[in-house]
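This report refers to the structure that appears directly beneath it.
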Amino acid sequence: MKIWNFEIGSRTLVIAEVGSNHCGNPDLARRSLLAAAESGADVVKFQMYDPDKLVDPTAPVLSYIAQTHASQRERFRSLALSRETFLDLARLASDAGVMFLATPFDEDAVEFLDPLMPAFKIASGDLTNARLLDRVVKTHKPVLVSTGFATVKEIDWLAARVPKDRLCLLHCIGAYPTPPEQVHLDAIGFLAGRYGVPVGFSDHTAGITAALAAVAKGAQIVEKHFLLSRDLPAADVTLSATPEEFRELVSGVRQIERMTGRRGKSVQPSEQYFRNQMRRSVYAARDLPVGHILDERDVLPLRPLVTGAIGAQDIAGVAGRRLLKPVEKDRPLFPEMLERPDPKP
């Protein structure tokens, strides 16, 4: 699957989720985008919502967020960015060479964002939002869906609604922050096996360990909340990475990619010297004359492994065989030194 100029699976797609960590300040949003790009993000993502189409006006502010507003709707109203700001952010991302994404929370946002983005991201809370999903599917663009709060039955429903060739699933735990013992990274392999689509990880833990471990577990996409400074009055401070931490995350992801390699097992170029020095060949335990019939006391497995010599794994096979030439103590034995064994009847 290709998104913008990025081939999913060629390397890990790293998303900096600014979300609402701009605190409703357009200038802070722009500076966050540039800092995320400089920190190595492939994608910088925001959220676009109309508070009146998002939440009940009487819904209280979420418990983990500072109680600075009378309702969750009023809080969202203080964080919403204008359409002009989103246009500016999309241009800024293009100039910075990073992909611009914004999560839409209603159909009007999909309509507005469609010309600006190569793909759509759906938040965990909207995994079952049929109206929003159907509108996004009509764009014929890739769809990344976070699976926080989701049951397998709900993800089955989603996978039947979004074309498989355009669906990416992000394993996600919708707790802010997520306790380490509940991150459940083995779900990455489960989702990949069950649905046969690219799978990533949307991280809500404190720190970057879980995101790095997710890459080692096979995540093809990593999304981490991004915060310009921990001094900001943002709700996601505890689960966000600062520019310095995000650079460390990207560096770690790229190093893990280099370490992952391919399936199977083979001798690596860097270990060939050590292999020869630490493997063993069959050596003479004492001076042995020509014509001598060997027994187990005549030979020892010693380092190093000598090219062409009898390997230590074959030491039992030399017993009972006649020497065709003399061998000095502590010298390796080669197959051509031994009389061929009698063929089995």
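Here are some notes:
- As a rough footprinting exposure proxy, the listed residues Phe190, Phe6 were ranked by other beta carbons within 10 Å of their own, and the order from fewest upward is Phe190, Phe6.
- Sequence-distant aspartates and glutamates (8 or more away, or on other chains) whose Cα lies within less than 15 Å of Lys329: Asp287, Asp295, Glu296, Asp298
- Gain upon complete extension [Glu339, Asn5; 0.36 nm per residue less C-alpha separation]: 113.8 nm
- Residue-averaged 222 nm ellipticity for the chain, from DSSP H runs of 4+ at -39500 (n - 2.57), nearest 500: -8500 deg cm²/dmol
- Taking a ≥ b ≥ c as the square roots of the eigenvalues of the Cα gyration tensor, an a/c ratio below 1.5 marks segment 284-341 as rounded.
- If you sort the three axes of the alpha carbon gyration tensor as a ≥ b ≥ c, you get a/c under 1.5 for segment 9-260, which makes it rounded.
- Segment 275-324 versus segment 100-159: alpha-carbon centroid distance in Å: 67 Å
- Lysines with Cα under 26 Å of Lys325, excluding same-chain neighbours fewer than 8 positions away: Lys344
- Only lysines eight or more places from Lys138 in sequence, or on another chain, were considered; those with a Cα closer than 29 Å are Lys2, Lys45, Lys53, Lys121, Lys153, Lys164, Lys224.
- Taking every alpha-carbon pair under 8 Å whose residues sit at least 6 apart, the chain reaches a relative contact order of 14 percent.
- Principal-axis tilt of helix 26-38 within the chain, Cα atoms, nearest 10 degrees: 10 degrees
- Taking a ≥ b ≥ c as the square roots of the eigenvalues of the Cα gyration tensor, an a/c ratio of 1.5 or more together with a/b larger than b/c marks segment 46-101 as prolate.
- Per-pair calculated FRET efficiency, R0 = 45 Å: Lys265 and Asp50 via Cβ, rounded to 0.05: 0.25
- Paramagnetic label reach from Lys329 (point 7 Å along Cα→Cβ; backbone nitrogen cut-off under 11 Å): within segment 282-300, residues 285-288.
- Ordering Cys23, Cys172 from the fewest to the most neighbouring beta carbons within 10 Å gives Cys23, Cys172.
Each value in this text was obtained by applying a stated rule to the coordinates, not by laboratory testing. Quick caveat, the model's predicted, so the values are computed rather than measured. Methodologically, a virtual Cβ is constructed for each residue, glycine included, from the backbone with ideal geometry; neighbour enumeration extends over all protein chains shown.
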